[in-house]
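Data block below; observations after.
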Amino acid sequence: MTNTQIEKPKIAEPHHPPTTWKTYFTFSTDHKVIGIQYIVTSFLFFLIGGIFAMIIRGELITPEADLVDRTVYNAMFTMHGTIMLFLWTFPVLVGLANYLVPLMIGARDMAFPRLNAVAFWMVPVFGIILMASFFLPGGPAQAGWWSYPPVSLQNPTGNLINGQFLWLIAVAISGVSSIMGGVNFVTTIVKMRAPGMTFFRMPAYVWAVFSAQIIQLFGLPALTAGAVMLLLDLSIGTAFFDPAKGGNAVLFQHFFWFYSHPAVYVIILPVFGIFSEIFPVYSRKPLFGYKVVAVSSLLIAGVSGFVWVHHMFASGTPAWMRIVFMISTMFVSVPTGIKVFAWVATIWGGKLRLTTPMLFALGGLIMFVFAGITGIMLSSVPIDIHVNNTYFVVGHFHYVLYGTVTMGMFAAFYHWFPKMTGRMYYEGLGKLHFWLSFIGTNLNFLPMHPLGLQGMLRRVASYDPEYAFWNVIASIGGFLLGMSTLPFILNMIGSWVQGEKAPDNPWRAIGLEWLVASPPPVENFEEIPVVISEPYGYGKSEPLTANLEKQELIKDLN
């Protein structure tokens, strides 16, 4: 089903084009401006979260706790996890989707532009609230990014406004912002596709975003409600989760994980979509099994609602429930494996161009396969119980979040940078960034697996000297990973300011976003495209639209 009727009112309210960098600090309803606002804001918080990570690795390079006070260390890992999830990973993915989805489906904007802008401006608000906790007596929250009660209900300062209080306020606002975004994305994709763009003519990235946002809509209310209930326990003395008052602490874990495990798929699905866009372009082949890849995103979203208890195998979960959720968690590997097979088949025998986006995508795919194997191991009850709360879990988690998601985001940044800015990036700096990132990621997170198998617990500032070797390697990798960001920053700023002017389609890619100027005009398309074929038509010599492509361009793409 396609529908363009709802786009007419937006033509009556034209956006003002971004004329200077100051435009990106204003309240804009242009999805492209909002997308870049999300990306830049979240990257600033990525740097802050990265500094906290380097402090943690600095503390762990020696067995003794000799760098920061233990309470400061607790605050560091709590804020590192919170910032990297709620202020980097989620917002940057929303930012990229904001920029790309309307262009990819042939729309002029999101369905609700003002709601879109409000959802973005809530991000710096809850970011500032979170960072303000550093200036409170007692400092920021120290209960980890899970904030499990009863630890999170402790209030040693006795102040109503404390670090945990602000943490919960920030998470609740983040939840509301993401729900608003979910409503907007789902409505836009369902109602605003260009004529002829049926569901099975949508790019795989749009399928992935659509599936991820459906998870947001059914999962986020549980986390947001849990955060509000925990806030009431902490501030006015209710007893939802306080065992000392008859509450049930495990109930909070259900609220938390009902969303927070599917949240992994909210994060990973758009990155799968990025892989599905990039591999065909730089292999010059159609995406293998496109329709199956598209449907597998929805299948992952559906299964994600039945896996949360696998995080609670060590929380007194009944044996029958452990078995049920072990099986459901393992089942996720089926649609995920389909995607991996499709990407490998797409690359296989292709005319590979190992530019920076392709290198980051390949690196992300390799590390995802490793993370997938350890993920299947963790879904097994005996292994999960054995390594519960150890560094094995931390290593697995970071191979997903950094090795796959952040590498995938860097692939996306480089791939769509010419489209966003109208400038080409510097290839040499891009490849330097990739190799430093790839080596640093593996040095940092691979040693965590043997550490976990040996029994080293997570969230400790000091440890037995027998764990020192792998911790030194991990810390060296952490520092290298931190340094790897410098060529990226230099590349992005330098290229945006004085990089070579980019053509409309520098990669000879097939997609609606590549049929408009770089950067795109304010209303995206002077004439709404009429889509007449499936995406990824490399080697088929057929046009994607009936009205936008020139014949010479079609020949060039093949």
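The values are calculated or read from the model by the stated rules, or taken from the named source; none is laboratory data. Because the structure is a prediction, the values reported are computed rather than measured. For neighbour counting, all protein chains shown are included, and Cβ atoms are generated from backbone atoms with ideal geometry for every residue, glycine included. Accessible surface areas use protein heavy atoms only, side chains included; no ligands, DNA or RNA. Shrake-Rupley method; radii C 1.70, N 1.55, O 1.52, S 1.80 Å.
Before moving on, here are some points about what is shown:
- The stretch 219-284 - convex hull of alpha carbons, volume per residue in Å³: 75 Å³
- Angle in degrees between helix 262-283 and the longest Cα principal axis of the chain, rounded to the nearest 10: 40 degrees
- Residue ranges 62-70, 223-231 sort as 223-231, 62-70 when ordered by packing (mean number of other C-beta atoms within 10 Å per residue, highest first).
- Sulfur and carbon atoms: percent of accessible area, the stretch 300-433 [1.4 Å]: 77 percent
- Burial order of peptide ranges 329-336, 253-260 (average beta-carbon count within 10 Å, highest first): 253-260, 329-336
- Across the accessible surface of the stretch 101-257, with the other protein chains kept in place and a 1.4 Å probe, carbon and sulfur atoms take up 74 percent.
- Accessible surface of the stretch 31-91 [probe 1.4 Å, protein heavy atoms]: carbon and sulfur percent: 75 percent
- Solvent-accessible surface of the stretch 343-431, averaged per residue with a 1.4 angstrom probe and all protein chains in place: 32 square angstrom.
- Simple spin-label estimate for Gln454 and Leu217 in nanometres, 7 Å along Cα-Cβ: 4.9 nm
- To the nearest ten degrees, helix 427-445 and the longest principal axis of the Cα atoms of the chain are 30 degrees apart.
- Normalised per residue, the accessible area of the stretch 155-220 is 28 Å², obtained with a 1.4 Å probe and no contribution from ligands, DNA or RNA.
- Take every pair of alpha-carbon atoms less than 8 Å apart whose residues are at least six positions apart; their mean separation over the length of the chain yields a relative contact order of 17 percent.
- Under-5 Å amide H pairs with Arg423, H placed in peptide plane, nonlocal only: Ala502
- Sites Phe341 and Phe25 - FRET efficiency at Förster radius 60 Å, r taken between beta-carbons, to 0.05: 0.85
- Of Trp145, Trp496, Trp320, the residue with the largest accessible area leads and the full order is Trp320, Trp496, Trp145 (1.4 Å probe).
- Tilt relative to the chain, helix 163-191 - C-alpha long axis, 0 to 90 degrees, to 10: 30 degrees
- In the context of the full set of protein chains, residues of the stretch 37-148 present 31 Å² of accessible surface per residue (probe radius 1.4 Å, heavy atoms only).
- Based on DSSP H segments of at least four residues, each scored -39500 (n - 2.57), the chain has a per-residue ellipticity at 222 nm of -20500 deg cm²/dmol.
- A crude spin-label estimate for the pair Val118 and Asp69, with each label 7 Å from Cα along the Cβ direction, gives 4.1 nm.
- Selection from Ser495, Phe469, Asn505 lying farthest towards where the dipole of the stretch 454-558 points positive, charges on Cβ: Phe469
- Debye, to nearest 20: dipole size of the chain, +1 on Lys, Arg Cβ, -1 on Asp, Glu Cβ: 800 debye
- Separation of the Val497 and Ile376 label points, Cα + 7 Å toward Cβ, nm: 4.9 nm
- Packing around the peptides 290-296, 362-368, taken as the average count of other Cβ atoms within 10 Å per residue, puts them in this order, highest first: 362-368, 290-296.
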